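Student: Below: one structure in structure tokens.
Just so it is clear, none of the values below were taken in a lab; they were calculated from the coordinates. A quick note: this is a predicted structure, and the numbers were derived from the prediction, not measured. A quick note on method: Cβ atoms are made from the backbone with ideal geometry, for glycine too, and the neighbour counts reach across all protein chains shown.
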Amino acid sequence: MSVAVKESRFSFKTRNKLLLISFDGFRWDYDRDVETPNLDKMAQDGVKALYATPAFLTITSPSHFTMLTGRYIENHGVIHNMWFNTATQEKKQYYMTQFVSSYWDNGSLPIWITAQRQGLKAGSLHFPGTAATYRGENVTVKQVEPHFYDHSNETDWRLNINKVIGEWFHQQDLDFVSLYFGEPDLVGHKYGPDSPERQEMVRQVDRTVGYIRNKIQDHGLTDRLNIIITADHGMTTVLRGGLVEEIILSKIPGFSFTDIQFQLLDYGPLGMLLPKEGMLEKVYQALKGSHPHLHVYKKEEMPTRLHYSKHPRLLPIILITDPGYIVNGLLPLNFNNGEHGYDNEVMDMKAFFRAVGPDFQSNLTVDPFDLVDLYPLMCHLLGINPEIHDGHLDKSKDMLVPQTTIGGDNNDPGKNIHIEVPIGLSAAMGFLVLVFIIITAYHMRKRTKA
Ligand SMILES: [Zn+2]
């Protein structure tokens, strides 16, 4: 006698919580010249990728918004750290731009809002994009840093961690939180990526990772909380001191600021220009080939792999320098020793990546992947249907334990079919099968006897 049991795809998983942490400017290899016991332990207990490739432009607000939306920068529209208006000449720096909702809310919903719409509870602390409103909705639980906040203070870091782990995850039972730290970006800019100050800051990051994991343990969340630690971009040393010929637009023959209606310059390796009417070709021809380390593009000529040409906010002429160089306007104004914003194929622009938790494999190193692929991974972990995005779950899925079927293959929004049979139900089914076998066997035996 045989009992045919119909095969089905059981999932015994419940949804685990997720903490996304970004350490601004934590380059992929910053753990190589510093002792990092806590990051090493995290890699042993979880997953590390050799590196993650940020979307271009490799700067803070655009890259973080790619993490939150899974969209390339030309698609989500947060094209720069600075808001600007080419008609009025007005510019807002990074911090004030955080509060301009119309700059962030271009139709790409950040994961907090999507999670909330699907019944989850989300929070965000200091993460770029937190202050804005999206289609009239906010991330419900949030903390935005005050103006002139000290982003380097380790005591503050711990208070923020206590809030996220103790209050938000433990007491308020949030499902997803994004948490941002402004270092080691600041020391990287000021002292350069090879400096002892940067190494000391990596030790601070490492202590902080140990502190976070201990807090999670103290609150009994270790088996219910996945942690992802990554960064928005890397950092490279700026070449100066007479070693190189600096790029100063005002000194380029044939180029004149009188031909320019609006400029975004003196902001690291990227410059953008809006020439006055009829002057585009003249400006372009003057700049093209003017310096061996300056790449000059008409917006529509940008290499497609950079995904930085389609958005209407991008200006008609885009300038990108080689690593180590920066675009100066009238005269050099940038005195940083480290910069980012370069081509995302430059190894120094690659970001750090680690993950640990109940849904991640342990002691596994995975291939590099793109930061646009982080969004479908996070939606999968949270069991929510993603919005339209540019990432691929199959590129990041290998880091998960195989039975994780919470969200299905969710690269295709709206086509998310998955079967979840609760453990109680499958146990009951097994019991019924057993009862059936016993009863049948009993009757057959009775019949044989008779
Ligand atoms: Zn940054």
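Student: Please arrange K48, K142 by counting, for each residue, the other beta carbons lying within 10 Å of its beta carbon, fewest first.
Tutor: Fewest-to-most Cβ neighbours within 10 Å comes out as K142, K48.
Student: I've got another one for you. Using only Cα atoms, locate the centre of the stretch 301-333 and the centre of the stretch 223-255, then give the distance between them in Å, rounded to an integer.
Tutor: Result: 12 Å between the Cα centres.
Student: Using θ = phi - 60° and the Karplus relation 6.51 cos²θ - 1.76 cosθ + 1.60, list the HN-Hα couplings for the stretch 23-38 in order, rounded to whole Hz, with x at every Gly or Pro.
Tutor: 9, 4, x, 7, 5, 3, 10, 5, 8, 8, 10, 9, 6, 10, x, 6
Student: Enumerate the calculated ³J(HN,Hα) couplings along the stretch 318-327 in order (Karplus 6.51 cos²θ - 1.76 cosθ + 1.60, θ = phi - 60°), each rounded to whole Hz, writing x wherever the residue is Gly or Pro.
Tutor: 10, 10, 10, 9, 6, x, x, 9, 9, 8
Student: Okay, next question. Using DSSP loop states and a limit of at most 13 other Cβ atoms within 10 Å to flag chymotrypsin sites (Phe, Trp or Tyr not before Pro), what is the longest stretch of the chain containing no flagged site?
Tutor: Result, exposed sites excluded: 150-334.
Student: Let me ask you something else. If the only charges are +1 at each Lys and Arg Cβ and -1 at each Asp and Glu Cβ, what is the size of the charge dipole of the chain around the Cα centre, to the nearest 20 debye?
Tutor: Dipole magnitude for the chain comes out near 2000 debye.
Student: Also, quick follow-up: What number, rounded to the nearest 500 deg cm²/dmol, is the helix-based mean residue ellipticity at 222 nm of the chain, given -39500 (n - 2.57) per DSSP H run of at least four residues and division by all its residues?
Tutor: Helix contribution divided over all residues of the chain: -8000 deg cm²/dmol.
Student: Here's another thing I want to ask about it. What angle, in degrees between 0 and 90 and rounded to the nearest 10, separates the Cα long axis of helix 196-218 from the longest principal axis of the Cα atoms of the chain?
Tutor: 20 degrees
Student: Now for a separate question. Take the Cα coordinates of the chain, assign each an equal point scatterer, and use the Debye formula without solvent to give log10 I(q)/I(0) at q = 0.10, 0.11, 0.13 Å⁻¹.
Tutor: -0.74, -0.87, -1.15
Student: Regarding the stretch 1-144, what whole-number volume in Å³ per residue does the convex hull of its Cα atoms give?
Tutor: Per residue, the Cα convex hull of the stretch 1-144 comes to 196 Å³.
Student: Towards the positive end of the charge dipole of the chain, with charges on Cβ (+1 Lys, Arg; -1 Asp, Glu), say which of Y72, T222, T365 has the farthest Cα.
Tutor: T222
Student: Take the alpha carbon atoms of the stretch 131-153, find their center, do the same for the stretch 260-276, and report the distance between the two centers in whole angstrom.
Tutor: The two parts, judged by their Cα centres, are 29 Å apart.
Student: Could you give me the radius of gyration and the Dmax of the stretch 28-70, taking only the C-alpha atoms into account and expressing both in angstrom?
Tutor: 13.2, 34
Student: Something else: Residue by residue through the stretch 376-381, what is 3J(HN,Hα) from phi via Karplus (6.51 cos²θ - 1.76 cosθ + 1.60, θ = phi - 60°)? Round to whole Hz and write x for glycine and proline.
Tutor: My calculation for the stretch 376-381 gives x, 5, 5, 4, 4, 4 Hz in order.
Student: Let me ask something additional. In debye to the nearest 20, how big a dipole does the stretch 213-350 give about its Cα centre with +1 on each Lys and Arg Cβ and -1 on each Asp and Glu Cβ?
Tutor: 260 debye
Student: Moving to a separate point now. Kirkwood Rh over alpha-carbon pairs of the stretch 241-335, then Stokes-Einstein at 10 °C and 1.306 mPa s: what D in µm² s⁻¹, rounded to an integer?
Tutor: Roughly 117 µm²/s, to the nearest whole number.
Student: Out of residues 5 or more away from Y51 or on other chains, whose amide H comes under 5 Å of its own, with H placed 1.01 Å from N in the peptide plane?
Tutor: Amide H neighbours of Y51, under 5 Å, 5+ apart: F369.
Student: Any chance you could run the full-extension gain for K298 through T258? It's 0.36 nm times the residue separation minus the Cα-Cα distance, nm to one decimal.
Tutor: Roughly 12.5 nm would be gained on extension.
Student: Sort K276, K350 by Cβ crowding within 10 Å, fewest neighbours at the top.
Tutor: So the ranking, lowest neighbour count to highest, is K276, K350.
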